[in-house]
């Protein structure tokens, strides 16, 4: 398969949104996606850009994406967080995921970040094996903590 990777544009967000929904199904959370195409356009391409996105194109279709944003570590300094790297099911195993991850790592290197973070589900053994083979450390002794909208309200109501 021949593909190209480029910076995403606002007009790509409908196809990026489709990939996000596909990932949610893969992760057994198909009803969890709340973000809209309009949110993605505003947040990635509006006056206050909240994320950077790369897309992979093949035959005019977007078949993969990587969405990342800056963070700051009190121990390391500037880092980036890779929120999602998605390759549509039809092209998984083609090397596209590795190419997208390489693009993210190159981006981080150019920015001079000291670390790149992301999460992987504990049952996604192929992804874990791939990340570790490339030098990533999968920290199995840390738990991810989320406070969703309902949790935020609950937290504040307990004050």
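Mind running the shape call on the range 36-128? Use the C-alpha gyration tensor, a ≥ b ≥ c as the square roots of the eigenvalues: rounded below 1.5 for a/c, prolate if a/b tops b/c, oblate otherwise. It is oblate, given that a/c is not under 1.5 and a/b is not larger than b/c.
Between residue 89 and residue 110, the simple spin-label model (points 7 angstrom out along Cα→Cβ) gives 3.4 nm. A Förster radius of 30 Å, combined with the Cβ-Cβ distance separating residue 39 from residue 145, puts the computed FRET efficiency at roughly 0.85. With a simple spin-label model that places each label point 7 Å from the Cα along the Cα-to-Cβ direction, the separation between residue 125 and residue 156 comes to 4.4 nm. For the chain, the 222 nm mean residue ellipticity estimated from helices alone, with every DSSP H stretch of n ≥ 4 adding -39500 (n - 2.57) and the total spread over all residues, rounds to -11000 deg cm²/dmol.
Among 109, 69, 54, sorting on how many other beta-carbon atoms sit within 10 Å of each Cβ, with the fewest leading, yields 109, 69, 54. In the chain, Cα pairs under 8 Å separated by at least six residues give a relative contact order of 17 percent. GNM remark for the chain: springs join alpha carbons under 10 Å apart, and the peak mean-square fluctuation among 132, 38, 89 falls on 132. Under the rule a/c < 1.5 gives rounded, and otherwise a/b versus b/c splits prolate from oblate, where does the chain land using the Cα gyration tensor? Judged from the Cα gyration tensor, the chain comes out rounded (a/c under 1.5). Each Cα pair under 8 Å and six or more residues apart adds its separation to the average, and for the range 1-74 the resulting relative contact order is 37 percent. Residues 105, 87 in ascending order of nearby Cβ atoms (within 10 Å, fewest first): 105, 87.
Bear in mind that the values in this text are calculations on the coordinates, not laboratory data. The model shown is predicted, which means the values in this text are computed figures rather than measured ones. Neighbour counts are summed over all protein chains in view; Cβ atoms, including those assigned to glycine, are modelled from backbone coordinates with ideal geometry.
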